[in-house]
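The values are calculated or read from the model by the stated rules, or taken from the named source; none is laboratory data. Treat the numbers as computed from the prediction; the structure is a model and nothing was measured. Methodologically, a virtual Cβ is constructed for each residue, glycine included, from the backbone with ideal geometry; neighbour enumeration extends over all protein chains shown.
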Amino acid sequence: MITVFQLTYRASQYCLGVALLLAFAANGSAQELAPSASADASESTIKDTPAVGTELGALTLPDALSLALRKSPILAAFTWDIRAADAMVQQAGLRPNPELSVEIEEVRWTSGPSERTRSTSVSGAIESGTLSMPVAWEREEVQGARSGFSESELTISIAQPIQFGKKRAKRIAVAEREKELVLWDYQAARADVLAQTASDFVEVLAAQEHVALDRELVELAEEIVRTFSLRVKAGQISPLELSRAEVALATTRATLEESLTRLEAARAVLASNWGSKRATFARAVGRLDETSPVPGIEELEARVNRNPDMARWSSELAARRADFTLERAQRIPDLTVELGFRSAGLADRKATQYGFGSAGDFGFTRRETGYSADRDNSLVLGFSLPLPIFDRNQGRIAAAEAMISKVSEQRRGTEAAVHAELSSAQQAASGAYAKAHTLQKEVMPKVDETFQKIQRGYQQGKFSYLEVLDAQRTLFDARKSFLDALTRYHQSIVRLERLTGQVLEERDTELELDMEGISHEK
């Protein structure tokens, strides 16, 4: 005998909605949520926490969400993006480094050239009627500079750029806006992980119920085969009826094997949300048979701004405007001030002079020139300022301005896509809810009653086996259609809550707070 169709899941429907409530707390912003998220993600890379619920062999949706939040590889990777964004904010606040310059000139490889001067003079005079022409010759030599560093000139200076236009503060503003975008990307990824985990959890629940239905169908087919075997031996029915029953049993067993394969695949997909290569839980525990009417599209559209894909555009616009402000400041040239010390070597000079005079006498003179110090020391002051004649950063300013306009168009495109998906999910949820409601209230009671009557009539000889088989197929098709409608309903609810950024129904406050605590588990 087949019992009335019941879904035996034990957790209440609120779990599906809370999956996304964790991602969008009413008082939370991207900036407020990121630090705890970063800590969660960082810890997941350090400590391998045992799977929740594995000791009992049961996995609830809160368990799955907790695992996904703490151990998701996708969220763990965002830890490094957030750290990188923090580092960029730090880098943007640093001042430009001073520049040390050392210059050495007049370093000689060999001694410098010597200076030589030769002079010859001839003069004539008539004395006592005789022409006299005395001759004089003279030579002077000055020794050249010596090799090495003795006469080198050394200049040591420090140059410091001074930025105008508040460039440093504007760089910090750009880096902070970029960090906000990273945090919004994290929020979107976090919402996606939670939504995907909830969706995969629903798939596992549905796959488990499909296996339960197929097993029930196999048990029924086995019971029919046993009954037919006894009746064939008693000569009450033809062996052909038994062959038909055995074919039906083989078919239901093949269907059960396929359902088991799908269940294992769904379990593996669910476990992948927290980075596990295989499912370590025995079964998923939850409930699909509680539904409620779906809100209208107008009500859902009013909530769509809580979606991080939409909320991030305010930060995106602020980031592009900060870029534009920085590029405008870059057109103002920066002043570079230089302060230095210069030291030049002062080498002594030696000169030698010798020659013959007009009277035939020989003369020799040697003189030396020195300084009061070995080196001449002085300070060097200077500054440089680029002249913004040709390059006034016109191109980058125009590009930054164009990006502001691009943000507006991108936001419009995102809004259109989100609203289109919202409408699709709302219609899918409404259609699945209506179908599930109709099947549960109108169709399933009738097909179950019909099957019970035909089965009793067959035992009394009033109906043929084909009629029993047809009634059985109708009953199980109705049950599977009901299960499929529930699955589509909850999958659509998950999509709607991901798109609106909040749960669609009022939840138990105490339970809701407990569930929110999952995101802060260590």
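Observations
- From the list Asp289, Asp334, the lone residue that is over 23 Å from Val174 (Cα atoms) and among the charged types (D, E, K, R) is Asp289.
- Every condition in (1) in contact (Cβ under 8 Å) with a residue 40 or more places away in the chain; (2) buried (at least 17 other Cβ atoms within 10 Å of the Cβ) holds for Phe463 except the one numbered (1).
- For the criterion of being small (Gly, Ala, Ser) and touching a residue at least 40 places away in the same chain (Cβ under 8 Å), Ala169 fails.
- Test: residue in the range 472-480 that is at pLDDT 90 or above and farther than 30 Å from Leu240 by Cβ: no
- The set of residues in the range 259-278 being in contact (Cβ under 8 Å) with a residue 12 or more places away in the chain, out of contact with any His (no Cβ under 8 Å at 6 or more places or on another chain) and within 25 Å of Glu222 (Cα to Cα) consists of Leu260, Glu264.
- Number of residues in the range 308-333 that are in a helix (DSSP H, G or I) and either within 20 Å of Ile389 (Cα to Cα) or touching a Leu at 6+ places or on another chain (Cβ under 8 Å) (or both) equals 9.
- Annotation note: of Glu421, Glu415, Glu442, Glu449, the sole residue that is in the same structural domain as Glu223 (by TED's automatic domain parsing), under 53 Å from the mean Cα position of the chain (by Cα) and without any contact (Cβ under 8 Å) to a residue 60 or more places away in the chain is Glu442.
Each row is one residue, and each column tells you yes or no for (1) over 21 Å from Leu335 (Cβ atoms); (2) surrounded by 12 or more Cβ atoms within 10 Å (Cβ to Cβ); (3) at pLDDT 90 or above.
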position: Val102; (1), (2), (3): yes, no, yes
position: Glu105; (1), (2), (3): yes, no, no
position: Glu115; (1), (2), (3): yes, yes, no
position: Gly129; (1), (2), (3): yes, no, no
position: Ala136; (1), (2), (3): yes, yes, no
position: Val142; (1), (2), (3): yes, yes, no
position: Ser152; (1), (2), (3): yes, yes, no
position: Ala173; (1), (2), (3): yes, yes, yes
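- Screening Trp313 on (1) at pLDDT 90 or above; (2) over 30 Å from Arg171 (Cβ atoms) shows it passes everything except condition (2).
- Residue match in the range 387-394 (condition: loosely packed, with under 13 Cβ neighbours inside 10 Å and β-branched (Val, Ile, Thr)): yes
- For the range 247-279, the candidate set comprises residues that are in a loop (DSSP other than H, G, I, E, B) and of a type in the set (A, V, I, L, M, F, W, C); within that set, the residue that is modelled with the lowest pLDDT is Ala279.
- Of the residues making up the range 498-522, those that are at pLDDT below 90 and closer than 21 Å to Asp192 by Cβ are Thr500, Gly501, Gln502, Val503, Leu504, Met515, Glu516, Ile518, Ser519, His520, Glu521.
- Condition met for Leu270 (touching a strand residue (DSSP E or B) at 6+ places or on another chain (Cβ under 9 Å) and more than 23 Å from Trp184 (Cβ to Cβ)): yes
- Screening Ser229 on (1) farther than 27 Å from Ala76 by Cβ; (2) surrounded by 19 or more Cβ atoms within 10 Å (Cβ to Cβ) shows it passes everything except condition (2).
- Filter result for the condition that a residue is surrounded by 15 or more Cβ atoms within 10 Å (Cβ to Cβ) and among the β-branched types (Val, Ile, Thr), over Val247, Val269: Val269
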